[in-house]
1. One residue is enough: does segment B:11-34 have a residue meeting the conditions part of a loop (DSSP other than H, G, I, E, B), within 14 Å of another protein chain (Cβ to nearest Cβ) and at pLDDT 90 or above?
2. With the requirement that a residue be open to solvent by 60 Å² or more (accessible area, probe 1.4 Å) and either under 22 Å from A:Gly248 (Cα atoms) or charged (D, E, K, R) (or both), what does segment A:134-160 give you?
3. For A:Leu127, state whether it is surrounded by 15 or more Cβ atoms within 10 Å (Cβ to Cβ), part of a helix (DSSP H, G or I) and out of contact with any Pro (no Cβ under 9 Å at 6 or more places or on another chain).
4. Regarding A:Ser55, is this residue open to solvent by less than 20 Å² (accessible area, probe 1.4 Å) and either within 30 Å of A:Asp271 (Cβ to Cβ) or of a type outside the set (Val, Ile, Thr) (or both)?
5. For segment B:290-347, give me the residue count where each residue is acidic (Asp, Glu) and touching a helix residue (DSSP H, G or I) at 6+ places or on another chain (Cβ under 8 Å).
6. When segment B:196-232 is examined, which residues are found to be of a type in the set (A, V, I, L, M) and under 21 Å from B:Phe246 (Cα atoms)?
7. Do we find a residue being open to solvent by 20 Å² or more (accessible area, probe 1.4 Å) and away from chain A (no Cβ under 11 Å) anywhere in segment B:140-160?
8. Is there any pair linking a residue in segment B:29-47 that is closer than 12 Å to B:Ser309 by Cβ and open to solvent by 40 Å² or more (accessible area, probe 1.4 Å) to one that is part of a helix (DSSP H, G or I) and not small (Gly, Ala, Ser), with Cβ under 8 Å and at least six apart or on different chains, and which?
Amino acid sequence: MMNILSTLFSISFVFSIFRMTTPLLYGSISSLFAEECGISNIGIEGIMLLSAIISVITSSMFGGSALAGLLVSLVFGALAGFLLGYLVMKLKCDPIIAGISYNLFAAGVSIFLLFLATGEKGNSASLISGTIPNINIPLVKDIPFVGALLSGHNLFTYLILLLLPAVSYIFSDTVWGLHIRSAGEAPEALESVGINVRRVRYSALIASGIFAAAGGAYMSMGYVSLFVGDMVAGRGFIAIAATALGNGKVKNIFLACVLFGIADAVAINPDMQNFIGLPSEMIGTIPYVVTIVALVIYSNRAKSRRMLLKNH
Amino acid sequence: MKINSIKLNYDVIRVLFALLLSIFVTIVIILIVSDQRIEAISKFLVAPLSSKRYLGDVLDKMMPLMFTGLAAALIFNVKVFNLSLEGAFYCGGVMASAIACMVTMLTGVHAFVALLIGGIVGAVVVFIPGILKLKFEANEVVSSLMLNYILFKLGDWTLRTFLRDPSSTHVTSYKFHNSARLPESFGLFSSGVYIVIVLLIISWIMLYKTKHGYEIRLTGQNPNLANISGMKVGKIILTTQIIAGFVSGLGGATYMLGTHSRLGWQWRSGYGWDGLVIAIMAKNNPAMIPITSLILAYLRVGSEIMSRSTDVQNEIVSIVQSIIIVLVASQGFLETWRKRRIVEEKIGEKKGEE
């Protein structure tokens with residue numbers, strides 16, 4: 001028992017929670033932009049997966065520069081977001097079917113690209129690709145315990161933690177954010193005051209694509225330093241669940257992501273696995289089970305709240 | 001009359017156009033990436049016709065595709081996005097394998113029991129996201145996708161713990177008993193094809209010729225109207241999903257017992273996903289599913305032959321698939337063409353009257 005407590009509060013366990021939560025946060029903010037503008041993005045998983053392979057390949061093409069890989073994958077993400085808008089608004093494709101097709105496309109094409117670049121279908125270990133660096137914060141890193149806890153995380157972890165309040169601010173206090181939310185809730189009202197709803201939605205979906213792509217680049221250049229087939233492993237969908245749980249509020253989305261991040265961290269921690277004592281496959285299902293349970297509890301509460309309002 | 005036939009033609013033309021466009025894109029990609037361009041393209045497009053064995057492969061591939069295509073068509077008819085068909089197909093296959101290798105029964109009875117249990121397991125799988133949606137309004141897209149991941153892991157565990165053949169160097173199940181295996185028809189394809197053809201006919205009759213089918217279709221097209229008309233919309237949606245799950249699970253079981261002799265480690269078919277593509281291409285009509293399954297199976301076999309003998313990999317088919325489903329599902333695609341045809345027809349009618 002003491003053993004497991006010391007694992008729970010150990011620095012390496014906290015680090016793995018940060019590592020696991022980071023891609024979920026990128027995915028959730030991606031989903032938030034899409035949901036708020038009124039067009040669900042189910043293709044986040046696929047955008048993340050393709051971005052993960054694209055960043056590794058371009059990074060190795062530019063002599064292992066992480067920056068090059070990152071920039072190209074972000075451009076790809078923006079295009080993917082724009083294309084989703086085009087498919088849904090111009091071609092009138094159902095957004096969920098468009099998202100499904102993104103995921104089908106990514107599952108095959110990521111392996112196709114991997115094979116083109118490396119000649120094998122397993123992983124990209126033979127490519128020399130860059131990594132997004134870990135950052136030691138000056139001064140903070142010298143504080144005992146707290147320093148070890150807060151310093152030394154990946155640049156992208158800090159970046160998303162800084163972006164969260166910014167995103168929250170965008171949606172509560174900027175014209176762009178309010179336009180996005182109106183495009184989702186009352187597009188006619190927005191149109192009636194002379195705002196181009198399509199343009200607002202395109203901008204939101206491009207932002208959605210960029211965040212998803214950043215999450216994907218983190219997977220193959222930060223979380224680990226290579227691409228492995230199906231490495232996103234449902235994180236794009238878990239992120240969508242986190243956004244649903246957060247109900248449009250960045251703070252709640254953050255908490256939901258941390259919950260799922262902890263579930264992930266528990267599932268991969270050997271001490272926790274020993275403690276729980278179930279077969280490894282069972283433990284591997286924990287993040288997905290937690291997601292379903294959380295989704296059911298949340299949806300049920302939201303439902304009864306609506307019922308209550310109706311009855312009054 | 002004419003206008004209706006334009007609408008019908010329009011649907012067919014859209015699917016064909018989407019198909020041609022996606023094949024065109026694939027050819028362009030092959031031209032860019034391959035060093036064996038001509039060979040790759042010809043293998044991809046015509047190799048399945050070149051031998052009897054390849055044609056048998058196409059028919060073999062068609063069978064599971066028709067199962068999952070039918071299951072997806074049923075689910076799409078009630079407009080829910082329960083994406084657990086892949087998990088249902090997988091679990092149906094795993095459970096049928098377990099019964100085929102761990103239990104002994106009479107020939108005939110054994111296969112029947114294994115198939116039935118495979119179907120029931122599939123129904124239970126698809127039921128879960130369905131009931132969570134109905135009772136708690138939990139988003140079925142997310143819950144069904146999470147469920148797939150859970151089922152794959154549980155299936156791996158089942159194989160490793162209960163079914164593993166210790167005499168094999170690989171992690172693989174015991175050999176299926178012969179009494180559980182489905183015979184081959186004409187030495188070409190699995191006799192499971194007959195099962196799915198019967199299912200397709202029953203489903204078509206149910207959907208288009210019975211009251212229950214009318215309720216299903218109306219529920220999908222206009223749930224409010226269905227509700228006002230006194231139909232139990234929730235129940236209709238849920239039962240349709242359960243039937244779809246049974247079809248998909250039965251498909252997994254039939255596939256396993258028809259074309260395999262053991263359950264392999266980390267077996268993932270992807271047929272559940274292909275089913276979505278097939279149903280969308282078929283406009284959710286069971287009568288069209290054999291045709292759309294044939295198209296996809298042909299492309300699949302062609303790409304596999306290509307990837308065996310040239311430097312282009314079979315994953316390229318996912319490009320074809322995603323382009324097809326997006327374009328077929330897009331109402332705006334080729335819409336101007338349709339409107340123009342209808343207007344021309346109307347003008348023609350007017351002139352004829354004068």
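1. First, pick out the residues of segment B:11-34 that are part of a loop (DSSP other than H, G, I, E, B): B:34.
When the remaining residues are screened for being within 14 Å of another protein chain (Cβ to nearest Cβ), the result is B:34.
Subsequent filtering for residues that are at pLDDT 90 or above retains B:34.
Yes, segment B:11-34 contains at least one residue that is part of a loop (DSSP other than H, G, I, E, B), within 14 Å of another protein chain (Cβ to nearest Cβ) and at pLDDT 90 or above.
2. Pass one, segment A:134-160, residues open to solvent by 60 Å² or more (accessible area, probe 1.4 Å): A:134, A:136, A:138-139, A:141-146, A:150, A:155, A:159.
Once the filter is applied, which keeps residues that are open to solvent by 60 Å² or more (accessible area, probe 1.4 Å) and either under 22 Å from A:Gly248 (Cα atoms) or charged (D, E, K, R) (or both), segment A:134-160 yields A:Lys141, A:Asp142, A:Leu159.
3. no
4. Numbers: open to solvent by less than 20 Å² (accessible area, probe 1.4 Å): yes; either within 30 Å of A:Asp271 (Cβ to Cβ) or of a type outside the set (Val, Ile, Thr) (or both): yes.
Considered against the rule, which asks whether it is open to solvent by less than 20 Å² (accessible area, probe 1.4 Å) and either within 30 Å of A:Asp271 (Cβ to Cβ) or of a type outside the set (Val, Ile, Thr) (or both), A:Ser55 comes out as yes.
5. Taking segment B:290-347 and keeping what is acidic (Asp, Glu), we get B:304, B:311, B:315, B:335, B:344-345.
The next check asks that each one be touching a helix residue (DSSP H, G or I) at 6+ places or on another chain (Cβ under 8 Å); those that pass are B:304, B:311, B:315, B:345.
So the answer is 4.
6. The initial filter retains those residues of segment B:196-232 that are of a type in the set (A, V, I, L, M), namely B:196-202, B:205-207, B:216, B:218, B:225-226, B:228, B:231.
Listed by number, the residues that qualify are B:Val196, B:Ile197, B:Val198, B:Leu199, B:Leu200, B:Ile201, B:Ile202, B:Ile205, B:Met206, B:Leu207, B:Ile216.
7. Scanning segment B:140-160 turns up no residue that is open to solvent by 20 Å² or more (accessible area, probe 1.4 Å) and away from chain A (no Cβ under 11 Å).
8. Between residues of segment B:29-47 that are closer than 12 Å to B:Ser309 by Cβ and open to solvent by 40 Å² or more (accessible area, probe 1.4 Å) and residues that are part of a helix (DSSP H, G or I) and not small (Gly, Ala, Ser), the close pairs are B:Lys43/B:Ile305; B:Lys43/B:Met306.
The values are calculated or read from the model by the stated rules, or taken from the named source; none is laboratory data. Predicted, not measured: the structure shown is a model, and the values here were computed from it. All Cβ positions, even for glycine, are placed from backbone atoms using ideal geometry, and neighbour counts span all protein chains on display. These accessible areas exclude ligands, DNA and RNA; they are computed on the full protein's heavy atoms, side chains included. Shrake-Rupley method; radii C 1.70, N 1.55, O 1.52, S 1.80 Å.
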